[in-house]
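A quick write-up on the structure given underneath.
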Amino acid sequence: MPKYFTEEHELFRQSLRAFLDKEVRPNIDQWEEDRRIPRSIWKKMGKMGFLGLSYPEKYGGAGLDYFYDVVFNEEIGRINSGGFVITQQVVQYMSGPYILKYGSEQLKQKYLPGLMSGELISSIGITEPGAGSDVQNIQTKAIRKGDFYIVNGSKTFITNAVYGDLIVTVVKTDPQKGAEGISLLVIDRNVEGVSARKLKKLGWHASDTAELSFDNVKVPVENLIGQEGKGFYYLMNGLQLERICFIPSSISGMETAIDAALQYMSERETFGKPINKHQVLRHRIAQLAAEVEAAKAFGYYCCNMYDKGIYDVKLCSMAKLITTELSEKVATQCLQFFGGYGFMEEYPMARMYRDVRVGTIGGGSSEVMREIISKMLINDANYEKASTNFKGKGEQSGASIDYFTEEHHLFRQSFRDFLDKEVKPYVDQWEKDREIPRSIFKRFGEMGFFALTSPEKYGGMGLDVWYNVIFDEELSWVNSGGFAASIGGHPLLAITHLNAEGTEFQKQKYLIPSIKGELVGALAITEPFGGSDVQAIRTTAIRDGDHFIVNGSKTFITNGVLSDFIITVVKTNPEAKGIHGTSLLLIDRNSAGLSATKLDKLGWRASDTGEIAFDNVKVPVENLLGDENSGFLYIMQHFVSERLSLAVGSFAKAECALAHAIKYMDEREAFGRKLNQFQVLRHKIAQLAAEIELNRQFCYSIYDRYQNGEYLVKEASMAKLLGTQLADKAMTECLQIFGGYGYMEDYPLARMFRDARLGQIGGGTSEIMCEIIAKMLIEGKGYSKPKVEKTKVSA
């Protein structure tokens, strides 16, 4: 269960789901056919207390936190009727809040209790035939005459406007003032001069959508919401709630689509087997599931910010952009799984495919979201929250939500200063030398950077995992994948195994000097033509008295040439099949019979990567790391931390590339203007920034659970898959922004482009990640954290 939900939230979820299963789900097909939802359903929902969850009790609401609204939106999203979802959201999140936050007490008392009870149905009238997201250019006028406003104009695409009772309407009270002349009025739907024409839509069939006309409509002055001329600012504030309410309903809708696809794939057979056995489909649904899981984490983060009263236009715009575009992708690909049946209205995907199409249009199109994001990133635009006379959820002032403490931030600054002084000035030379000097390992040890999470007993600091996250992020900004791999691999791969599986003798001999940076370790798994198939390794270690005799080879081993010891995966029982018979050995690099050849690589040039040969290498029995024949389990145990580290490094590298691109766009001119004025480039930057933030919040959400002991194989595999794909994409697109200079080694993108390519290979390829995710989704395969007793071996 996500940390955001309490037992009370889940009890509410059960109650709401039971209601929807009884009162809504059996009737939804008929309502879709009728093109309307009966008013009685609002009254039933009001009677059950499902409306106005976070509205104050004095107006008939429940006064609850926003995560009850998240539950509400998730559950209605599972109904598979965009029309039903939007009719509910328009009342609770798109029109009612303006009355609550800015309306007079008279307006609140007049309308809010009816909205909470389901007696009244409201709509929001913004869009006009000639003005969609460009609110400043609306033409509907409201000219004051005495105690009334006389309203003339029209609105279109207005949900609930045919059968509803009131319209929160955006009007020009001063046509000469642009944004300063915009106001909000509550217009009763049935007053003289208001007429509606029902529109026929591609989807959202259960909802009524209208084009409204106002012909000399008399609206009492007391129906003005807030101050005259402040309507634009109220809208800019309110649109964030509108955008984030889309997120949980969209996520649950996508989960419903994936569940339906998985069920169909288990039943449908082609070429003699269920289609969920076809690898191309397995990997496709694994990719979708990973993207949905990431969007869900990002959505929860944004909802939590809103609940804490934090106004973040950029994040809300990013989340809305990502989620609604992903909804289209999921609906399209899940329909494809169904084949011809997906095109039939009696199957769920046809409706879903139609309904999701409006998501990237309503509440601000994807193009508008990218423009907002690009303005904030490139032009430093700031969208301030309008003042309100209501201090409820989403309205209090608050500091930004942070997984990091003040101590974490101080460490980040200290580590960054160190890298700026002692690493970045020299990294170009190390790239040319194809290796990092041993002295830098010692400096890292002296500064305590290898000691972060190791026990104090062995010279560590015993800190939490967030220090490792900062370590990985900051290394990525050095812009040397080779440096990050060598320096990061030492604690992540070598020290981690020593801490977890090492005997006291091994810790004294290898761990303590490794933490000091006096010894450098490597981890050797991959073999020529072995790759990620750890079970199929061929390097053997045969017991001979007090030694193991090791024969075989390893390849692609980071630090394999300069290291002092190599934690090597070997077969101690070559006759055993599968995962059995595999062990870990600590092998001194200078052992007789061990040789290493430095490999020439596309990228990661600052690191030494070796192919290692073992020719009758004698290894003392006391160098067995952990239990004999349990090595595979130890490797699997630590793959989670390795993949999370790679995921964090990937989004950080993408962020570094983005920063370089933004800076270059501000400096470079083409066709008489700066590159950052070209909209196609601005929107490319905005899209990348949104995807980086998505991956960041996904990784942070996983680490938040991981530090509490959860063994998150699926989530870590998803994060590694998405993060490394993002890094590849970011380097390609940012290099393109640099043009020909991006291809030059004098500029940073060439190295970034080369280095990022390994991300989807190392630590388990993207294809392996998809296969792991697919096994867990389709076969229900679980990966429990291995529990192995350590062998006590003394010297």
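Using a probe of 1.4 angstrom and keeping all protein chains present, the accessible surface of the chain works out to 41 square angstrom per residue. Atom-type composition of the exposed protein surface of segment 698-782 places 52 percent of the accessible area on carbon and sulfur (1.4 angstrom probe). Taking each residue as 0.36 nm, the span from ALA18 to ASP746 lengthens on full extension beyond its C-alpha to C-alpha distance by 255.8 nm. Positive contributions from Lys and Arg (+1) and negative ones from Asp and Glu (-1), summed over other residues with Cβ under 11 Å from the Cβ of GLY764, come out at -2. Overall dimensions of segment 19-96, expressed as equivalent-ellipsoid semi-axes from the Cα gyration tensor (√(5λ), whole Å, largest first), are 22, 13, 12. Rg and Dmax over the alpha-carbon atoms of segment 505-624 stand at 14.0, 43 Å. Packing-based ranking of 709-717, 736-744, 157-165 yields 157-165, 709-717, 736-744, ordered from highest to lowest mean Cβ neighbour count within 10 Å. Every pair of different Cα atoms in the chain enters the Kirkwood calculation, which places the hydrodynamic radius at 29.0 Å. Here the alpha carbons of segment 692-773 define both size measures, Rg and Dmax, at 15.1, 48 Å. Using the Cβ-Cβ distance between LYS329 and ASP34 with R0 set to 35 Å, the FRET efficiency works out to roughly 0.70. Normalised radius of gyration (Cα atoms, divided by 2.2 N^0.38 Å) for segment 298-369: 1.35. Note on the chain: with charges restricted to the Cβ of Lys and Arg (+1) and Asp and Glu (-1), its dipole about the Cα centre is near 1080 debye. Carbon-plus-sulfur fraction of the accessible area of segment 103-235, 1.4 Å probe, in percent? It is 48 percent, rounded to a whole number. In segment 474-540 the Cα-Cα distances spread across 10 Å bins starting at 0 as 19, 36, 35, 10 percent of all pairs.
Between GLU767 and GLU222, the simple spin-label model (points 7 angstrom out along Cα→Cβ) gives 7.3 nm. Here segment 401-479 yields Rg over Rh of 1.00, to two decimals, using C-alpha coordinates and the Kirkwood radius. Against the chain, whose longest principal axis comes from its Cα atoms, helix 465-476 is set at around 90 degrees. What the Cα atoms of segment 73-158 give is an Rg and a Dmax of 15.4, 49 Å. When the square roots of the Cα gyration tensor eigenvalues are ordered a ≥ b ≥ c, the ratio a/c for segment 161-286 is 1.5 or more and a/b exceeds b/c, which makes its shape prolate.
Every pair of different Cα atoms in segment 139-190 enters the Kirkwood calculation, which places the hydrodynamic radius at 11.7 Å.
Using the average count of surrounding beta-carbon atoms within 10 Å as a protection proxy, the listed peptides 627-637, 322-332, 404-414 rank, highest first, as 322-332, 627-637, 404-414. Seen through its C-alpha gyration tensor, with square-root eigenvalues sorted a ≥ b ≥ c, segment 418-534 comes out oblate because a/c lies at 1.5 or above while a/b is not bigger than b/c.
Roughly speaking, what % of Cα-Cα pairs in segment 236-303 are separated by over 18 Å, rounded to a whole number? For segment 236-303, the fraction of Cα-Cα distances above 18 Å is 49 percent.
For the pair segment 647-673 / segment 733-766, the C-alpha centres are spaced 12 Å from each other.
Placing R0 at 25 angstrom, the Cβ-Cβ distance between GLU710 and GLN263 gives a FRET efficiency of 0.40 after rounding to 0.05. Of all lysines in the structure, those lying under 16 Å Cα to Cα from LYS432, and not within fewer than 8 positions of it along the same chain, are LYS424, LYS598, LYS601.
Taking a 28 Å limit on the Cα-Cα distance, which of the listed pairs LYS108/LYS141; LYS44/LYS329; LYS47/LYS110; LYS198/LYS296; LYS22/LYS320; LYS110/LYS155 fall beyond it?
LYS44/LYS329; LYS198/LYS296; LYS22/LYS320
Protection proxy ranking for 203-214, 34-45, 767-778, using the average of other Cβ atoms within 10 Å per residue and placing the highest first: 203-214, 767-778, 34-45. With a Förster radius of 41 Å applied to the beta-carbon distance between GLN336 and LYS198, the computed FRET efficiency rounds to 0.80.
The values are calculated or read from the model by the stated rules, or taken from the named source; none is laboratory data. Small disclaimer: the values here were computed from a predicted structure and weren't measured. Reconstructed Cβ throughout: ideal geometry from the backbone, glycine too, with neighbour counts over all protein chains shown. Accessible surface is based on the protein model in full, side chains and every heavy atom, while ligands, DNA and RNA are left aside. Shrake-Rupley method; radii C 1.70, N 1.55, O 1.52, S 1.80 Å.
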